[in-house]
1. Sort out which residues of the stretch 87-131 are touching a Leu at 6+ places or on another chain (Cβ under 7 Å), farther than 18 Å from H144 by Cβ and either at pLDDT below 90 or not in a helix (DSSP H, G or I) (or both), and write them in order of number.
2. Being surrounded by 14 or more Cβ atoms within 10 Å (Cβ to Cβ) and not hydroxyl-bearing (S, T, Y) is the requirement here; does R61 meet it?
3. Identify the residue in the stretch 36-62 that is among the aliphatic types (A, V, I, L, M) and touching a Ser or Thr at 6+ places or on another chain (Cβ under 7 Å) and, among all such residues, is nearest to Q103 (Cα to Cα).
4. Find all pairs meeting these conditions: Cβ atoms under 6 angstrom apart; at least six residues apart or on different chains; first residue within the stretch 214-236 and in a helix (DSSP H, G or I); second residue at pLDDT 75 or above.
5. So which residues in the stretch 54-74 are touching a strand residue (DSSP E or B) at 6+ places or on another chain (Cβ under 9 Å) and of a type outside the set (A, V, I, L, M, F, W, C)?
6. What's the total number of residues in the stretch 77-103 that are under 30 Å from R37 (Cα atoms) and of a type in the set (S, T, Y)?
7. Does E151 count as part of a helix (DSSP H, G or I) and either of a type in the set (G, A, S) or surrounded by 13 or more Cβ atoms within 10 Å (Cβ to Cβ) (or both)?
Amino acid sequence: MIEAIVIVLVVLLVIALAGAAASVRVLREYERGVVFRLGRLMEQRGPGLVLLVPTIDRLVRVSLRTVTLTVPAQEIITRDNVPARVTAVAYYRVVDPSNAVTQVESYDQATLQISQTSLRSVLGGADLDTLLSGRERLNDELQHVIDAQTEPWGIKVTTVEIKDVEIPQAMQHAIARQAEAERERRAKIINAEGEAQAATKLAEAAEVISRNPTTLQLRYLQTLREIGATQNSTVVFPMPIDLVKPVLDAMGKGSATEGSPDAPTIKSEASLPPVTDQALPAGNGSELEPGGPVSAKLPSTEPVKRRRS
């Protein structure tokens with residue numbers, strides 16, 4: 001009889017210990033407990049020691065630490081019809097454990113799905129240049145969009161970062177050519193601006209030198225000194241254009257006179273003797289009569305024309 005009583009007492013003690021173990025919970029500092037009593041939501045418990053009614057209360061642990069959520073790579077098409085593969089990372093934490101348990105079945109999976117769909121929708125409305133250079137604005141927009149949808153669940157999305165953007169190889173070559181052309185354009189603009197500034201400074205220097213001609217001679221001597229410092233055997237003597245201009249003008253006038261089609265042509269020819277009436281020698285059939293007219297027969301020749309020089 002005594003043995004049976006001892007056995008019953010031991011069983012009751014074991015049941016009591018099991019019930020006490022089931023009714024006692026220890027929650028860490030970053031944990032909160034959502035208690036359901038016969039299916040009804042009770043106030044949250046923790047941290048520390050939590051006592052529950054055995055077989056009546058059920059405790060759900062919820063961590064309040066920030067969770068790092070890696071969003072898988074998503075295939076998107078940007079606004080300018082460029083395919084891209086984007087991966088991102090999101091950081092969130094539970095701010096209301098009761099809503100996180102009662103409003104959604106699995107808040108971590110729900111947050112992941114919301115992050116994927118928001119990533120495709122937001123990045124699909126941006127062009128490629130914005131996707132590559134304007135990530136801060138896109139990150140803020142993604143954070144606001146995701147947080148607005150997870151707020152009723154008691155989830156606070158603190159940060160969303162675009163981690164990697166992959167584009168096709170052909171598009172990478174096109175972007176490289178575009179960047180090279182942009183750099184060449186900037187180089188030409190900078191070169192042109194430098195030339196303009198140099199021309200302005202040269203004009204100002206010329207104005208200063210024109211006030212005192214001696215300054216030009218001093219500048220010439222300085223230039224000769226710089227040339228001699230490099231052990232160069234070539235010496236350049238500049239000649240003012242004012243000294244050469246009269247000679248060039250004279251040479252130009254002489255060439256114009258010789259090459260003009262209206263200039264007179266000078267030809268040297270042997271002058272012919274004037275034709276006069278004279279007596280012919282005897283033997284040619286002519287007779288001279290005293291006091292009579294002189295008659296002579298001239299040989300038939302071509303008329304002689306004179307040219308005046």
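The values are calculated or read from the model by the stated rules, or taken from the named source; none is laboratory data. Treat the numbers as computed from the prediction; the structure is a model and nothing was measured. Cβ: placed from backbone, ideal geometry, glycine included. Neighbour counts: every protein chain shown.
1. Of everything in the stretch 87-131, just one residue is touching a Leu at 6+ places or on another chain (Cβ under 7 Å), farther than 18 Å from H144 by Cβ and either at pLDDT below 90 or not in a helix (DSSP H, G or I) (or both), namely V94.
2. Values: surrounded by 14 or more Cβ atoms within 10 Å (Cβ to Cβ): yes; not hydroxyl-bearing (S, T, Y): yes.
When the stated conditions are applied, R61 passes them.
3. Step one: list which residues in the stretch 36-62 are among the aliphatic types (A, V, I, L, M), which gives 38, 41-42, 49-53, 56, 59-60, 62.
With touching a Ser or Thr at 6+ places or on another chain (Cβ under 7 Å) added as a condition, the list becomes 41, 51-53.
Numbers: L41: 12, L51: 25, L52: 23, V53: 25 Å.
The selected residue is L41.
4. Here the result reads T215/I209; L216/I209, each pair linking the stretch 214-236 to a residue that is at pLDDT 75 or above.
5. Let us first name the residues in the stretch 54-74 that are touching a strand residue (DSSP E or B) at 6+ places or on another chain (Cβ under 9 Å), namely 56-74.
D57, R58, R61, S63, R65, T66, T68, T70, P72, Q74, listed by residue number.
6. Residues of the stretch 77-103 that are under 30 Å from R37 (Cα atoms), as a first pass: 92-103.
When the remaining residues are screened for being of a type in the set (S, T, Y), the result is 92, 98, 102.
Counting residues in the stretch 77-103 that are under 30 Å from R37 (Cα atoms) and of a type in the set (S, T, Y) gives 3.
7. Working: part of a helix (DSSP H, G or I): yes; either of a type in the set (G, A, S) or surrounded by 13 or more Cβ atoms within 10 Å (Cβ to Cβ) (or both): yes.
Spelling it out, E151 is indeed part of a helix (DSSP H, G or I) and either of a type in the set (G, A, S) or surrounded by 13 or more Cβ atoms within 10 Å (Cβ to Cβ) (or both).
Residue-by-condition table, conditions (1) in the same structural domain as V71 (by TED's automatic domain parsing); (2) closer than 30 Å to F36 by Cβ; (3) β-branched (V, I, T):
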| residue | (1), (2), (3) |
| --- | --- |
| E105 | yes, yes, no |
| A110 | yes, yes, no |
| R120 | yes, no, no |
| G134 | yes, no, no |
| L138 | yes, no, no |
| H144 | yes, no, no |
| Q178 | no, no, no |
